[in-house]
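Chemist: Questions regarding the structure given below will be posed in turn.
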Amino acid sequence: MTKADGSSISEPVTANMTDPSDWRAATLERVRALILAADPAVVEEIKWKKPSNPAGVPTWSHGGMICTGETYKDKVKLTFARGAKLADPTGLFAPKGDTGTRRAIDLGEHSSLPEEAFTALIREAIAHNAGRDYVRPEKVRK
């Protein structure tokens, strides 16, 4: 597994969460495993660290942003940067109406995530990124 600069990641993106036994950390780890199984070339990073969110936001990309994984008190939110362009035949995305380009999957403590449908969505997001006319280059993080 690699970062955008080509170096390897030795710890999972959830390693900096305050309580690794928390259901949200376990949910993010399961999502992470599914994303990396869908395509091992996916780049994962922690972005947007700030005083109000010192752990930052786990992000996954491949030829462009695929999705982010944010934790809230009552859910884990997986936001797909270009989710509006993706087919969602199994209804994984939360029904939020017209939200521009993004779409999200909200997972509560007892929510199930259909692995096959989620993996297909990840692969479709990667294919969408590969088919765009312009792919923003990955930033090299120092």
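Chemist: If residue 138 passes every condition in (1) touching a Ser or Thr at 6+ places or on another chain (Cβ under 7 Å); (2) surrounded by 15 or more Cβ atoms within 10 Å (Cβ to Cβ); (3) at pLDDT 90 or above; (4) not hydrophobic (A, V, I, L, M, F, W, C) but one, which one does it miss?
Modeler: Every condition holds for residue 138 apart from (3).
Chemist: Okay, next question. Looking at the range 45-56, which of the residues that are among the basic types (Lys, Arg) and in a strand (DSSP E or B) is farthest from residue 125 (Cα to Cα)?
Modeler: Taking the candidates together, the pick is 50.
Chemist: Another question, then. Quick one: which residue in 115, 109, 124 is closer than 25 Å to residue 30 by Cα, surrounded by fewer than 17 Cβ atoms within 10 Å (Cβ to Cβ), in contact with a Leu (Cβ under 7 Å, 6 or more places away or on another chain) and at pLDDT 90 or above?
Modeler: 115
Chemist: Inside the range 57-93, can you point out the residues that are exposed (fewer than 15 other Cβ atoms within 10 Å of the Cβ) and part of a loop (DSSP other than H, G, I, E, B)?
Modeler: Passing the criteria: 72, 73, 74, 87, 89, 90, 91.
Chemist: Among the candidates 13, 42, single out the residue that is of a type in the set (Val, Ile, Thr), at pLDDT 90 or above and touching a helix residue (DSSP H, G or I) at 6+ places or on another chain (Cβ under 8 Å).
Modeler: 42
Chemist: So, of the residues in the range 94-103 that are within 21 Å of residue 130 (Cα to Cα) and either under 17 Å from the mean Cα position of the chain (by Cα) or surrounded by 13 or more Cβ atoms within 10 Å (Cβ to Cβ) (or both), which turns out to be modelled with the highest pLDDT?
Modeler: If we take residues in the range 94-103 being within 21 Å of residue 130 (Cα to Cα) and either under 17 Å from the mean Cα position of the chain (by Cα) or surrounded by 13 or more Cβ atoms within 10 Å (Cβ to Cβ) (or both), then 103 is modelled with the highest pLDDT.
The values are calculated or read from the model by the stated rules, or taken from the named source; none is laboratory data. Not measured: the values here are computed from a predicted model. Reconstructed Cβ throughout: ideal geometry from the backbone, glycine too, with neighbour counts over all protein chains shown.
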